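Notes follow once the structure below has been shown.
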Amino acid sequence: MKFLQQTKQWACLGILAITLYSCSRDSDGITGPEPPVPARPYDNGFFIIGEGSYGKSAGTVNFYAYGADTVATRVYEKENPGKVTSNAAMTSTLQFAGIINGKLYLLSKINGPIVKVDAGTLKEEARYTQEASNWRSIVHVSGNTGLVSANDGVYYIDLTTLQVQSKLQTVSAVNSGDMIKTDNYIFVLQSNGVKIINVSSNNSFVKSFTNINRGLTTTPNGKVWGAVGTRLVAIDSKLDTAGVTIPVAVSSWGLDAPTILTASTKENAVFYHSGTKIYKYIDGNPGSLDQPFITINESPFMVYGAIRYDKNKDYLIVNGIKGYGNASTINYLLIYNASNGSLVKKIVYGGDETNLDFQKIYFPTLSVFH
């Protein structure tokens with residue numbers, strides 16, 4: 001009996017040893033746990049895209065790390081010494097940007113390039129230039145294929161090489177701006193209205209709405225939102241529309257600038273700004289527009305470009321400047337709670353308003369999030 005007990009003990013010890021040995025080695029024979037993947041320098045925060053100063057400085061990418069008390073400026077140049085996002089004359093301005101599959105795409109108007117960088121390291125990976133161009137927004141279609149809008153229509157683009165290819169024939173060859181993709185459709189804002197194409201049917205034309213000239217953004221209930229004058233217009237999943245009257249018209253710099261509409265991913269709410277007032281429309285609740293959601297208290301102050309919703313933190317991000325001339329060296333980043341409108345953080349960065357330093361004039365037009 002004692003012998004059998006010892007035999008069982010030895011067997012158990014042997015099995016335990018084999019198990020421990022197996023668990024301590026992987027298929028390559030390396031012992032110990034897998035090392036943690038190091039965080040990349042630009043993962044935990046968002047990008048602030050700056051136009052640059054026409055003819056004086058190139059558009060740039062700044063970065064805000066969550067919880068920081070400052071903005072890291074000109075990080076694109078830091079990571080890519082000797083390179084700029086503009087043409088040689090610096091007469092192109094960086095207006096649009098978007099992240100697709102971990103890559104940040106930067107698009108310039110007025111004969112500027114399309115630049116692709118890694119969104120975690122900001123190292124440039126590809127660049128496309130042509131003699132005459134006027135690029136706007138970019139969306140992913142499938143695989144390595146995307147669409148890029150321009151002042152003369154919409155083009156296919158290889159998202160790996162950035163080679164711009166044939167023109168999309170199912171929408172007009174006219175001035176084109178913002179685009180947005182849903183599960184089944186791509187919506188394109190053009191000078192003659194919104195065009196809708198079917199992604200699963202070879203990007204065939206589906207429908208158009210000529211009464212929408214601003215937009216586009218989408219809410220969690222699947223509605224795509226645009227605007228015309230003092231009306232917000234929602235396009236539902238059946239491609240039917242319904243509108244609501246708003247107290248102040250949705251303005252825009254035009255199709256060559258990002259829309260000032262943005263939407264929450266937490267609730268069915270659309271935001272837009274007029275001057276220093278930000279409005280929040282909760283879908284189905286006209287009373288939500290009775291008064292501004294946020295009134296910016298900084299003075300003098302102007303929102304520059306477009307406000308944006310940060311889905312990672314439920315923030316509303318406002319970029320602004322103190323004014324033009326020397327005052328344009330004073331840049332603001334205002335972060336608000338998108339649910340209740342409270343100010344989370346205010347950061348002032350750039351110059352001192354005394355010296356007209358063009359390297360500190362960013363004209364921050366757009367925030368872009370992972």
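Read-outs: derived from the displayed coordinates by stated rules, not from any lab. Everything quoted here is computed from the prediction, not taken from an experiment. Positions of Cβ are generated from backbone atoms using ideal geometry, with glycine treated the same way; all protein chains shown enter the neighbour counts.
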Task: Principal-axis tilt of helix 2-23 within the chain, Cα atoms, nearest 10 degrees - done: 30
TODO: Scan (1) 25.0, 97; (2) 20.5, 73; (3) 36.3, 110 for the value of Rg and Dmax of the Cα atoms in Å calculated from this model and give just the label.
DONE: (1)
Task: Stokes-Einstein D (µm²/s) once Rh is taken as the Kirkwood radius of the range 199-253 over alpha-carbon pairs, at 25 °C in 0.890 mPa s - done: 202
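Run the dipole for the chain about the Cα centre, Lys and Arg Cβ at +1, Asp and Glu Cβ at -1, nothing else charged, and hand back the magnitude in debye, nearest 20.
With Lys and Arg at +1 and Asp and Glu at -1, about 380 debye.
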Task: Spin-label zone in the range 349-370 - amide nitrogen under 16 Å from a point set 7 Å from the Cα of residue 43 along the C-beta vector - done: 370
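Let me have the 222 nm mean residue ellipticity of the chain computed from DSSP H runs of 4+ only, each contributing -39500 (n - 2.57), with the sum over all residues rounded to the nearest 500.
Taken over the chain, the calculation gives -2500 deg cm²/dmol.
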TODO: Scan around residue 218 for amide H atoms under 5 Å from its own, H built in the peptide plane at 1.01 Å from N, and keep only partners 5 or more places away or cross-chain.
DONE: 225, 263
Open item on the list: Which residue fluctuates most in the GNM of the chain (Cα springs below 10 Å): 50, 146, 275?
Closed with: 275
- [ ] With springs only between Cα atoms under 10 Å apart, run a GNM on the chain and tell me which of 190, 95, 163 wobbles the most.
- [x] 163
Task: Top positive-direction residue, dipole computed over the range 238-330 with Cβ charges, set 288, 257, 318 - done: 318
Open item on the list: I want to verify a result. In a Gaussian network model of the chain, Cα cutoff 10 Å, which of these has the top mean-square fluctuation: 55, 287, 45?
Closed with: 287
Open item on the list: With a cut-off of 8 Å between alpha carbons and a minimum separation of six or more residues, what is the relative contact order of the range 237-362 in percent?
Closed with: 16
Open item on the list: Using the basic label-point model (7 angstrom from Cα toward the beta carbon), what is the residue 200 to residue 239 distance in nanometres?
Closed with: 1.4
Open item on the list: Which of 302, 90 has the fewest other C-beta atoms within 10 Å, and how do the rest follow up to the most?
Closed with: 302, 90
Task: Per-bin percent of Cα-Cα distances, the range 82-204 [5 Å] - done: 2, 12, 23, 25, 20, 12, 5, 2, 0
Task: Largest-first principal axis extents of the Cα set of the range 228-370 (Å) - done: 54, 31, 30
